[in-house]
Structure formats: C-alpha cells, structure tokens
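Undergrad: I have a structure I would like to understand better, so I am pasting it below and will then ask my questions one at a time.
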Amino acid sequence: MSALRASCHCGAVTIEVPQRPTQLTNCNCSLCRRIGALWAYYEVGTVRVSGHPGHTAEYIWGDKTLRTLRCRHCGVVTHWEPLDPAAGGKHGVNMRNFDPDDLGPVQIRRFDGADSWRFLDDEAGPGA
Ligand SMILES: [Zn+2]
C-alpha cells in the first residue's frame, strides 16, 4: 500500500491519499452531477492537502455539514471536508484529479444521492 498524489489542473492544490481506493462513487445529487466528480472516501486526518485554504474557494449548501473545495485559479474541484471534523469523520476526494494509471482498475458505483441515498447497483434484479 502506498500513497497516491495528484493535483488540480494548474498545480496550486495538491492532494495525497494514503492508499488506492477500491471503489469510487458517481453520485447523481444536484451538486455532484454538475461537478462530474468520482469520489473516494478517507478518514479525516489521513488526506494531505497543500495549497488549502490559500488557493481554494469553498461552497457550502443544503444542510451545511460539509464544504466542497475547488482551486480558486483553475476551478477544479479537489475534495470536500466536514465543517465539523470529528473523530471517524470522512473526507471525499475527487479521484478525477488522479492519473488513471496510478488508480488502476477500480469499481465505479452509481450512488442515488438525488433521491434514495442507495447505490443503484444494490437493487436486486428479478429472481434474485
Ligand atoms: Zn488549480
């Protein structure tokens, strides 16, 4: 297991995660579908971000539990973090910033954040 590093498009914000994700989440909520992010989740404190908050701008919406961060120069969304980071809390990292060769084969799961808050591929088919 080794850390993976990436940056926003212009390089002002870099992000390092402790290991490769085993799955990515493609969420259809009103924000995620616009961003087009593929999220991986890591425990707060395990992700190293440089250039933040100096080079980032934040967006807070809805129930105001987290901030979504983007580079203020190139506009690329890098990650989200809880507004109130508690032990066991999670970060979301936009793995679109990472080199696909570094990521390797990884399952992408569609998450219905717009409605049911379930993974759409969890639905049992006929006869299941
Ligand atoms: Zn940038």
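Just so it is clear, none of the values below were taken in a lab; they were calculated from the coordinates. If you're wondering where the values come from, they're calculated on a predicted model, not measured in any experiment. We place every Cβ from the backbone using ideal geometry, glycine too, and count neighbours over all the protein chains shown.
Undergrad: So, counting K/R as plus one and D/E as minus one, what does the shell of residues with Cβ under 11 Å around E58 add up to?
TA: +2
Undergrad: When the gyration tensor of the chain is built from Cα positions, what are the square roots of 5 times its three eigenvalues, in whole Å, from largest to smallest?
TA: 25, 18, 14
Undergrad: In deg cm²/dmol, rounded to 500, what helix-only [θ] at 222 nm does the chain give when every DSSP H run of at least 4 residues adds -39500 (n - 2.57) and the total is split over its residues?
TA: -1000 deg cm²/dmol
Undergrad: Continuing with the same structure: For region 65-120, report the convex hull volume of the alpha-carbon atoms normalised per residue, in Å³, without decimals.
TA: Spelled out: Cα convex hull of region 65-120, divided by residues, is 133 Å³.
Undergrad: Still on this structure: Take the Cα atoms of region 1-67, build their convex hull, and give its volume per residue in Å³.
TA: Convex hull volume per residue, Cα atoms: 111 Å³.
Undergrad: Would you pull out the residues with amide H under 5 Å of R109's amide H, same chain only if 5 or more places away, H placed 1.01 Å from N?
TA: The list, which skips near neighbours in sequence, is L24, T25, N26.
Undergrad: Would you work out which of L66, G54, C8 lies farthest towards the positive end of the dipole of the chain? Charges go on Cβ: Lys and Arg +1, Asp and Glu -1.
TA: Of the options given, the answer is G54.
Undergrad: At most 12 other C-beta atoms within 10 Å and a DSSP loop state: those are the exposed chymotrypsin sites (Phe, Trp or Tyr not before Pro) I care about. Give me the longest piece of the chain that has none.
TA: Maximal segment without exposed cleavage sites: 1-60.
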